[in-house]
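Below is one structure, written out as structure tokens; comments come after it.
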Amino acid sequence: VLSKIELQSRAEIRYEGYVKQINIEAKTMIDIASKQIRPAVVKYAGEVAQSVAALKAVGVDASAEEELLNEINHNLKLFHERLKMLAEVTEQAGLLKGDSKSQAIFYRDYVFQAMKELREPADQLEMLVDENAWPFPTYGELLFNI
């Protein structure tokens, strides 16, 4: 049987561990998203745009390629907005002072939520971008080619 002080101490340690883990994951996500995923998607979108222009130049219907480009651009815009939001709330969380419990609650309610929201357009982009242009193994490669 633990005393009240011992229970509080263990809770404090767990809160601190949670805060550190989510902070590391959020910063890693920001780094990967901004330095690897976004540049790869922008480059691929440029290639699709060139294909659309080339097809239109020779008078061929490019509606499928235009639709793909629009989907990529829509998801890239969401991705960019949500990446900015994640960076902002992660910075806010780092500035919080006080007890670990309130900081852990902030990470759970805001940082972790922002991470989930960034993941949505990232998953859509993974499905839209050619696997050769995507900077990581796809889910299919991970599941079936290991």
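The values are calculated or read from the model by the stated rules, or taken from the named source; none is laboratory data. Everything numeric here is computed off the predicted structure, so don't read it as measured data. Cβ sites come from the backbone with ideal geometry, for glycine too, and all protein chains shown count toward neighbours. We work out accessible area using only protein heavy atoms, side chains counted, and drop any ligands, DNA or RNA first. Shrake-Rupley method; radii C 1.70, N 1.55, O 1.52, S 1.80 Å.
Computed values, structure above
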| read-out | value |
| --- | --- |
| Residue match in region 66-89 (condition: closer than 22 Å to T28 by Cβ and open to solvent by 100 Å² or more (accessible area, probe 1.4 Å)) | yes |
| Selection within region 107-127 - of a type in the set (A, V, I, L, M, F, W, C), closer than 15 Å to E25 by Cβ and open to solvent by less than 80 Å² (accessible area, probe 1.4 Å) | V111, A114, M115, L118, A122 |
| Any hit, region 42-55, residues being in contact with a helix residue (DSSP H, G or I) (Cβ under 6 Å, 6 or more places away or on another chain), at pLDDT 95 or above and under 30 Å from D99 (Cβ atoms) | no |
| Sole exception among (1) acidic (D, E); (2) modelled with pLDDT under 95; (3) outside any loop (DSSP other than H, G, I, E, B); (4) open to solvent by 90 Å² or more (accessible area, probe 1.4 Å) for E141, by number | (4) |
| Selection count, region 113-146, where residues are over 11 Å from the mean Cα position of the chain (by Cα) and either in contact (Cβ under 8 Å) with a residue 60 or more places away in the chain or at positive phi (or both) | 7 |
| Residue match in region 125-142 (condition: under 25 Å from G46 (Cβ atoms) and among the polar types (S, T, N, Q)) | yes |
| Subset of region 17-33 [surrounded by fewer than 15 Cβ atoms within 10 Å (Cβ to Cβ) and either more than 20 Å from R82 (Cα to Cα) or touching a Leu at 6+ places or on another chain (Cβ under 6 Å) (or both)] | G17, K20, Q21 |
| Pairs, first without any contact (Cβ under 8 Å) to a residue 60 or more places away in the chain in region 12-35, second in a helix (DSSP H, G or I) and open to solvent by less than 40 Å² (accessible area, probe 1.4 Å), C-beta under 8 Å, six or more apart | S34/L83 |
| Members of region 82-103 that are among the polar types (S, T, N, Q) and either farther than 11 Å from A114 by Cβ or in contact (Cβ under 8 Å) with a residue 60 or more places away in the chain (or both) | T90, S100, S102, Q103 |
| Lone qualifier among D130, D61 - being farther than 30 Å from S9 by Cα, open to solvent by 70 Å² or more (accessible area, probe 1.4 Å) and in a loop (DSSP other than H, G, I, E, B) | D61 |
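Condition check ((1) at pLDDT below 95; (2) within 21 Å of A33 (Cβ to Cβ); (3) in contact with a helix residue (DSSP H, G or I) (Cβ under 7 Å, 6 or more places away or on another chain)) across all residues:
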{"site": "V58", "(1), (2), (3)": "no, no, no"}
{"site": "L78", "(1), (2), (3)": "no, yes, yes"}
{"site": "L83", "(1), (2), (3)": "no, yes, yes"}
{"site": "S100", "(1), (2), (3)": "yes, no, yes"}
{"site": "A104", "(1), (2), (3)": "no, no, yes"}
